[in-house]
Each structure stands twice: as C-alpha cells, then as structure tokens.
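Peer 1: Sharing a structure, written as structure tokens. Questions coming.
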Amino acid sequence: KAKDRGRNNYQYYNQTINSQGKQLLQLENRLRYALNNQEFILYYQPIVDITTGKIAKMEALLRWQHPKLGLITPNIFIPLAEENGLIVPIGEWVLEKACLQNKYWQKIGLSPLTIAVNLSPRQFQESDLVDKVIEILQKTGLQTSYLELEITETVTIQNGDIAKNILTKFKEMEISLAMDDFGTGYSSLSYLRQFPFNTLKVDRSFIKNILEAPEDRAIIKAIISLGQGLGISVVAEGIETVESKNFLHSLGCRYMQGYYFSRPVAAKDATQLLQNQDLIVTNIKSV
Ligand code: C2E
Ligand code: MG
Ligand code: MG
Ligand code: MG
C-alpha cells in the first residue's frame, strides 16, 4: 500500500513538473508571438529636474498589451525573457522604439530631452551590443547625447571587464549611463569609480520610509553628497508624496521620479505631459 501511494505521489509530482514545463513553454512561445505581433508597447515616465521644474528625461518602460489579459508589467515576463534570451530582440525593439519616440518629440518642436532605456544584463553577453546600439541610433537619427542607458549593478558584477569595455565605448560615443536601483545590490562604491556612470538612481525602497526612518535618511543624505563629490547626478526614484518630494529637495536632490509627478503613461499622454509642462511646474512650486 505504501509503495502504491509512493508511486502515485511520484506520478503526481511528475505530472506537476510536466504541466509547469508545458506552461513555461507556452509562455515562451507566447512571448515570441507577442514580439512578432506588436503586442509590446512602451510607457514613459518623466524624470523631473526640481531646480527648473521641467522634465529632464523620460524613462521608457516596457508593457505587454495582451489581447485577453490586458496590460502586463515587465516583472511578470522579463525574468523569463532573460532566461531564454528573448530579452535580446525585445531589448533591441525597445531601444529603437524609444529612440524614434524621442526623435518624434524633437520633430514636433519640443525642447530636446534625454530618453532613458533599461538594458538587461543578458544583453551584455551579446558580442554585438555596441554595434546594435550604433545601428539603431543611425537608423532613427537620434543624437547619441539624447540617450541614456540604465543598467543595474548585476551587469558590472557578472560581466566585469567585458562590461567595462562596452560601457567605456558608450561613454566615448557620448551616450549617458545610469546605475539603476542603487542601494539594492552590493552597492560597491568601487563600481562607481571604475565605471563611467553619469547618473545614479537611488532605489525607491530607500525613499519609501524616508520621513519615518532616520537610517534611510542617513543613507540618502550620504548618497546625495557622494554624487555631488563624484560629479554624478542623483535621481530619487519612487517619489509618491509632496512630503518626500520636499524633504529630498531640502537635501539637495536635483532629479526625481515617481507617481507624485506622473505614473508611467502611454506615448500620447507622455507627449501631452511634455507639451503642458507648466502643470508639473505648478505641482513642484506648490511647496
Ligand atoms: P526600473 O527601471 O527601476 O523602473 C522603475 C519602476 O518603478 C517601474 O516599474 C515604475 O513604474 C515604478 N515606479 C515609478 N515610480 C514609482 C512610484 O512612485 N511608486 C512605485 N511603487 N513604483 C514606481 P515597471 O514599469 O513595472 O518596471 C519594473 C522593472 O522592469 C524596471 O525597473 C526595469 O528593471 C524593468 N524594465 C522595464 N522596462 C524594461 C525594458 O525595456 N528592458 C529591460 N531590460 N527591463 C525593463
Ligand atoms: Mg530603470
Ligand atoms: Mg530603478
Ligand atoms: Mg527596478
């Protein structure tokens, strides 16, 4: 009897694995289909320069417009796309789309701004990453200085010298580099010295409790003065309230991003935000 039950358990277990495997495979095929059938779209979230009250940059954020499930955020599918390598063609699509959008904003007469695009560590394993970026910039006609690439520390840790070579080439091309989610990984200060970052984005987990947690405040203060000392601009992510905006402002943090200013929005709405920047200025000045 025990043996039977054991065998049944085993079969049950086996079936579960198989059906999970099948689901994974289906999602993988589905992702491929999504890419080929224009189901991916980009949302844009402003990064505000608090000293001018203007939008300094827009960050492109990937969404999957699923015909049945609706809008799906990247945390759901990017990990799988990184695992199976699909993030490479998806990432190229994102870059091209984002550069085109920025070029469009210039064409309709808006004052030029930087478009920030997230790169996955997986993309640094491709030997032609730099060539691909050059190709896309030429194809879209966007000037290199209006592009910023956001990467996390994982890139610098996993790919060491290779990453350093790639990032140095980007720097030589006058593409800006941002370290994303600063404070969540090793946050080794030596990376900031070794790699040519222009921007440091403080992860929103430090901003969340900034008014209550003296420890978080101490960390933020230190990061802001570190940035000032190194000549790296600091962006605070995840600003949701007027209080956290005011507090960071008082600490001398110049760039901010978060729901308080705007959620990530579709291209059309992003264009409107850029055309009506006075609205945002009012928001900022109402300290
Ligand atoms: P990230 O690059 O750190 O982007 C910031 C995330 O924080 C975005 O989530 C944004 O919607 C969210 N956020 C912004 N302001 C606030 C706020 O005030 N409060 C809260 N609670 N959240 C805020 P999203 O769009 O879901 O993206 C999640 C992550 O997915 C991104 O984190 C980035 O790592 C990755 N990702 C997004 N688009 C791409 C892409 O095109 N390529 C790659 N490789 N990764 C991407
Ligand atoms: Mg980012
Ligand atoms: Mg981030
Ligand atoms: Mg993140």
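Peer 1: 5 Å is the cut-off here: which amide hydrogens, built 1.01 Å from N in the peptide plane, fall below it relative to Tyr44, excluding neighbours closer than 5 in sequence?
Peer 2: Leu61, Val265, Ala266
Peer 1: Mind checking the alpha-carbon convex hull of the stretch 134-287 and giving the volume per residue in Å³?
Peer 2: Taking the convex hull of the Cα positions in the stretch 134-287, it is 128 Å³ per residue.
Peer 1: How are the Cα pair distances of the chain distributed, in percent, across 5 Å bins from 0?
Peer 2: Final binned percentages: 1, 5, 11, 14, 16, 16, 13, 9, 5, 3, 2, 2, 1, 1, 0, 0.
Peer 1: Right, next: May I ask you to derive the FRET efficiency for Asn165 and Ile41 from their Cβ-Cβ distance with R0 = 41 Å, giving the value to the nearest 0.05?
Peer 2: 0.80
Peer 1: In which sequence would Arg263, Arg30 go, from the one with the fewest C-beta neighbours within 10 Å to the one with the most?
Peer 2: Arg263, Arg30
Peer 1: Normalised radius of gyration for the stretch 53-204, please: alpha carbon Rg relative to 2.2 N^0.38 Å, two decimal places.
Peer 2: Expressed relative to 2.2 N^0.38 Å, the Cα Rg reads 1.04.
Peer 1: Here is a follow-up. For a quick check, take a GNM of the chain with Cα springs below 10 Å and name the residue from Ala98, Ala56, Ala178 with the largest mean-square fluctuation.
Peer 2: Ala56
Peer 1: Also, quick follow-up: Treat each spin label as a single point 7 Å out from the Cα along the C-beta direction, and report the Asn198 to Ile157 distance in nm.
Peer 2: Once both label points are built, they end up 2.6 nm from each other.
Peer 1: Give the lysines reachable from Lys103 as a straight Cα distance under 28 Å; neighbours fewer than 8 places away on the same chain don't count.
Peer 2: Lys54, Lys57, Lys132, Lys139, Lys169, Lys171, Lys201, Lys268
Peer 1: Rank-order 244-255, 212-223 by packing density, defined as the average count of other C-beta atoms within 10 Å over each peptide's residues, highest first.
Peer 2: 244-255, 212-223
Peer 1: Return an integer: the convex hull volume of the alpha-carbon atoms of the stretch 73-134, in Å³ per residue.
Peer 2: That works out to 89 Å³ per residue.
Every number here is computed from the coordinates shown, using simple stated rules; none is lab data. Bear in mind that the values here come from a model prediction, so they are computed numbers and not experimental data. When we count neighbours, we look across all protein chains shown, and the Cβ atoms used for this are built from the backbone with ideal geometry, even at glycine.
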